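The values are calculated or read from the model by the stated rules, or taken from the named source; none is laboratory data. Because the structure is predicted, anything quoted here is derived from the model rather than measured. Here the Cβ positions follow ideal geometry from the backbone for every residue, glycine too, while neighbour counts run over all protein chains shown.
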Amino acid sequence: MHIRSRAATAASLLGALVSSSFLSACAPGSGSTSDADTAETISIVGFAVPEAANKNIAAEFQETDEGEGVRFQTSYGPSGDQSRAVAAGLEADYVHFSVPTDVTRLVDEGLVAEDWDAGANQGVVSRSVVVFGVRDGNPKNIRTWADLVKPGVEIVTPNPASSGAARWNALAAYGQVMSDGGTEEEATDYVDKFFENVVSLPSSGRDATTAFLGGTGDVLMAYENEAILAAQNDEGFEYVLPDTTLLIENAGAILEDASEPSQAWLDFVLSDEGQTQFALTGFRPIRDDVDFGGTVEGAADPSNPFPPVETLLTVDEDFGGWDEVSTKFFDEENGLIFQAILGAGLSLE
């Protein structure tokens, strides 16, 4: 078992992602762009989970004065892979990644301004929480984190080598032990047992959902919004919001050489209109005062779609921030989570 070099595969990854890009626009005949169109095109590169929300926000944006005539070219996939592809040359005006370290990679490359996270939102454009997806009727009676590590429970979670969603899941698993008064040794032991029960490590959060819907595993580690969106698409599964979980904060930024309407797009994403569209596809708005109507179809309780969490952990307050997290948990050689995965006999390929 080994951890592959991500930098070594960046060029081939870029080629694969470029071929998967497509253009989305409300104007007819918008299957390609010319040089004249480029200034009015926003190229979005993002992780897989918010694709539906971004499509809805784009449609709303195109109805505004700033968005009139703007076209969208999009590419979605695993967050880490998408970030590496942009660093390798994939065209992007706006990036929407699962974790902020995937944006700071582009800062280090000189592609995104160093102060990208200096605003009131601190670079966060969408939020969610970690939940447990379970089979109809919850036959394994999964209610708590302790239930996940019982013998015979099969877990599906994405691969943290490529997926940001996987990193939130793994941190939540570790953090809930510490929050309950456990030691670092006990938290590490829990994570080891957790990955011993993992039966599938798909490349992205969306691929993990697809695997679970296809019959793999008893429990899906997921974003709350991914569970809600699945129900909206008539592919629903029950989900459990544990008493202790982790706040997921997804990062968004425009690039230094972004097309002219890109800043207006980012402003719209952060506006009440943009955050309403996130809420309606299952994301928790980044501000508590966003009025999305109070009802979200597909939620466990549509009239109370985002119930408060008894103990809500955050990376900054409970883990010391992403710089510390990246070294301690996800270093390719000695990261605690990567070591747990390899120790369980799983592959990070």
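Where the second residue is assigned to a strand (DSSP E or B) and the first is hydroxyl-bearing (Ser, Thr, Tyr) and lies in the stretch 236-257, which pairs have Cβ atoms under 6 Å and are six or more apart or on separate chains?
Once the first residue is hydroxyl-bearing (Ser, Thr, Tyr) and sits in the stretch 236-257, its partners that are assigned to a strand (DSSP E or B) give 239/131; 239/133; 244/311; 245/129; 245/130.
If I go through the stretch 259-292 residue by residue, how many of them are under 19 Å from residue 119 (Cα atoms), touching a strand residue (DSSP E or B) at 6+ places or on another chain (Cβ under 9 Å) and among the hydroxyl-bearing types (Ser, Thr, Tyr)?
Total meeting the criteria: 1.
Out of the residues in the stretch 202-225 meeting the condition of being over 15 Å from the mean Cα position of the chain (by Cα) and within 18 Å of residue 341 (Cα to Cα), tell me which one is surrounded by the most Cβ atoms within 10 Å (Cβ to Cβ).
The extreme case among them is 219.
Which count do you get for residues in the stretch 52-90 that are surrounded by 23 or more Cβ atoms within 10 Å (Cβ to Cβ), among the small types (Gly, Ala, Ser) and more than 25 Å from residue 162 (Cα to Cα)?
1
Sort out which residues of the stretch 99-147 are assigned to a loop (DSSP other than H, G, I, E, B) and under 25 Å from residue 198 (Cα atoms), and write them in order of number.
99, 135, 136, 137, 138, 139, 140, 141, 142, 143, 144
I need the full set of residues from the stretch 185-194 which are farther than 18 Å from residue 153 by Cα and either surrounded by 16 or more Cβ atoms within 10 Å (Cβ to Cβ) or in contact with a helix residue (DSSP H, G or I) (Cβ under 7 Å, 6 or more places away or on another chain) (or both), in order please.
Of everything in the stretch 185-194, those that are farther than 18 Å from residue 153 by Cα and either surrounded by 16 or more Cβ atoms within 10 Å (Cβ to Cβ) or in contact with a helix residue (DSSP H, G or I) (Cβ under 7 Å, 6 or more places away or on another chain) (or both) turn out to be 186, 187, 188.
Which members of the stretch 245-258 meet the condition of being over 20 Å from residue 105 (Cα atoms) and surrounded by fewer than 21 Cβ atoms within 10 Å (Cβ to Cβ)?
The one that is over 20 Å from residue 105 (Cα atoms) and surrounded by fewer than 21 Cβ atoms within 10 Å (Cβ to Cβ): 247.
Can you name the number of the only condition in (1) part of a helix (DSSP H, G or I); (2) closer than 16 Å to residue 330 by Cα; (3) aliphatic (A, V, I, L, M) that residue 161 fails?
With (1) part of a helix (DSSP H, G or I); (2) closer than 16 Å to residue 330 by Cα; (3) aliphatic (A, V, I, L, M) applied to residue 161, the lone miss is (1).
So is residue 151 outside any helix (DSSP H, G or I), within 19 Å of the chain's Cα centre (by Cα) and not hydroxyl-bearing (Ser, Thr, Tyr) or not?
No, not satisfied.
Would it be correct to say that residue 261 is touching a helix residue (DSSP H, G or I) at 6+ places or on another chain (Cβ under 9 Å) and touching a residue at least 60 places away in the same chain (Cβ under 8 Å)?
The answer is yes for residue 261.
For the list (1) more than 19 Å from the chain's Cα centre (by Cα); (2) surrounded by 17 or more Cβ atoms within 10 Å (Cβ to Cβ); (3) outside any helix (DSSP H, G or I), I need the number of the one condition that residue 341 fails.
So residue 341 meets the others, but not (3).
Among the numbered conditions (1) outside any helix (DSSP H, G or I); (2) modelled with pLDDT under 95, tell me where residue 96 comes up short.
Residue 96 satisfies every listed condition except (2).
Here's a check for you: in the stretch 164-188, which residue that is of a type outside the set (Ser, Thr, Tyr) and in a loop (DSSP other than H, G, I, E, B) is nearest to the chain's Cα centre (by Cα)?
Among residues in the stretch 164-188 that are of a type outside the set (Ser, Thr, Tyr) and in a loop (DSSP other than H, G, I, E, B), the one nearest to the chain's Cα centre (by Cα) is 180.
Please find, among 256, 349, the residue that is in a loop (DSSP other than H, G, I, E, B) and closer than 17 Å to residue 160 by Cβ.
Testing whether each residue is in a loop (DSSP other than H, G, I, E, B) and closer than 17 Å to residue 160 by Cβ leaves just 349.
From the list 288, 316, 323, 301, pick out the single residue that is over 18 Å from residue 222 (Cβ atoms) and either in a loop (DSSP other than H, G, I, E, B) or outside the structural domain of residue 165 (by TED's automatic domain parsing) (or both).
288
Please work out if residue 319 is in contact (Cβ under 8 Å) with a residue 24 or more places away in the chain, within 24 Å of residue 243 (Cβ to Cβ) and surrounded by 13 or more Cβ atoms within 10 Å (Cβ to Cβ).
So residue 319 passes the test.
Considering only strands (runs of 3 or more DSSP E) fully contained in the stretch 189-241, which possess at least 3 residues that are out of contact with any Pro (no Cβ under 8 Å at 6 or more places or on another chain) and not aromatic (Phe, Trp, Tyr)?
Per the criteria, 198-200, 219-223.
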